[in-house]
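Below is one structure; the comments refer to it alone.
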Amino acid sequence: MSEVVAVIDYGMGNLHSAGKALEKVANGQTIIITGDPDQVRAADRVVFPGVGAIRDCIAVLKDTGLDQAIRDVAAAGKPLLGICVGMQAMMARSEENNGVDCLGIFDGQVTFFGEQFSDTGARLKVPHMGWNQVQQGMAHPMWAGIDNHARFYFVHSYCVTGLPDEAVAGRCDYGLSFAAAAVQGNVFAVQFHPEKSADAGLTLLENFLRWKP
């Protein structure tokens with residue numbers, strides 16, 4: 001039987017482009033888009049995309065039981081990929097919407113760019129939007145075939161901070177350095193949108209479909 005890759009549908013992800021990108025690089029895998037926690041748990045690999053406000057994201061996950069399904073996938077050792085708000089939702093807490101407790105898969109925090117300043121003293125423009133380089137923090141199967149400092153596409157006003165160095169798989173410089181990718185065992189998460197990041201993004205998704213953590 002072919003592997004099943006579940007793309008989590010909680011009403012806020014960029015599901016069409018993420019699903020199509022995965023289908024483009026799949027090698028016999030079946031890509032499904034689902035909001036059913038049992039289907040998420042049963043899948044061989046899971047992709048957790050996201051856009052929008054973290055408060056709404058976490059509220060929907062809790063209401064549907066997808067929050068526990070995501071934690072169960074992480075605990076089961078299955079490959080799990082978080083994208084954009086999906087990455088932020090995996091952290092312990094976000095300061096967005098006056099503070100929101102998140103899934104706690106990573107011991108990181110999510111902070112607002114607009115309250116921060118670059119190394120030159122200029123207030124950072126939000127959102128951070130467009131192409132930017134990612135410096136790989138380690139050799140990892142998810143970076144196979146991707147040049148260090150390859151460009152990926154970002155759209156976000158909040159960034160992940162406070163991760164231990166061993167969990168930072170990649171960094172981006174936007175006047176200050178922030179975590180563009182995080183890893184913890186079988187969980188990999190990226191702040192950028194691989195489905196919008198041309199060849200480098202497709203390579204990363206293909207690596208995820210082959211990854212055996």
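Data table
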quantity	calculated
Solvent-accessible ranking of 72, 63, 56, largest area first, probe 1.4 Å	63, 56, 72
Qualifying lysines (Cα of each under 19 Å from Cα of residue 196; at least 8 residues distant if same chain)	20, 24
Where segment 26-176 is the region considered: accessible area per residue in Å², 1.4 Å probe	45
Formal net charge of residues neighbouring residue 195 (Cβ-Cβ distance under 15 Å; K, R +1; D, E -1)	0
The chain: antiparallel DSSP beta bridges as a percent of all, rounded to 5	60
Accessible carbon and sulfur surface of segment 159-213 relative to its total accessible area, %, 1.4 Å	46
Reach of residue 78 by Cα under 19 Å, taken over lysines that are not fewer than 8 positions away in the same chain	212
Listed residues 164, 79, 37, most fluctuating in the chain (Gaussian network, C-alpha, under 10 Å)	164
Carbon and sulfur %, accessible surface of segment 28-109 computed with the full protein complex present, 1.4 Å	44
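The values are calculated or read from the model by the stated rules, or taken from the named source; none is laboratory data. Remember, predicted model here, so these are calculated numbers, not experimental data. No Cβ is skipped: glycine too gets one built from the backbone with ideal geometry, and neighbour counts run over all protein chains shown. Areas reflect the complete protein model, heavy atoms only, side chains present, ligands, DNA and RNA absent. Shrake-Rupley method; radii C 1.70, N 1.55, O 1.52, S 1.80 Å.
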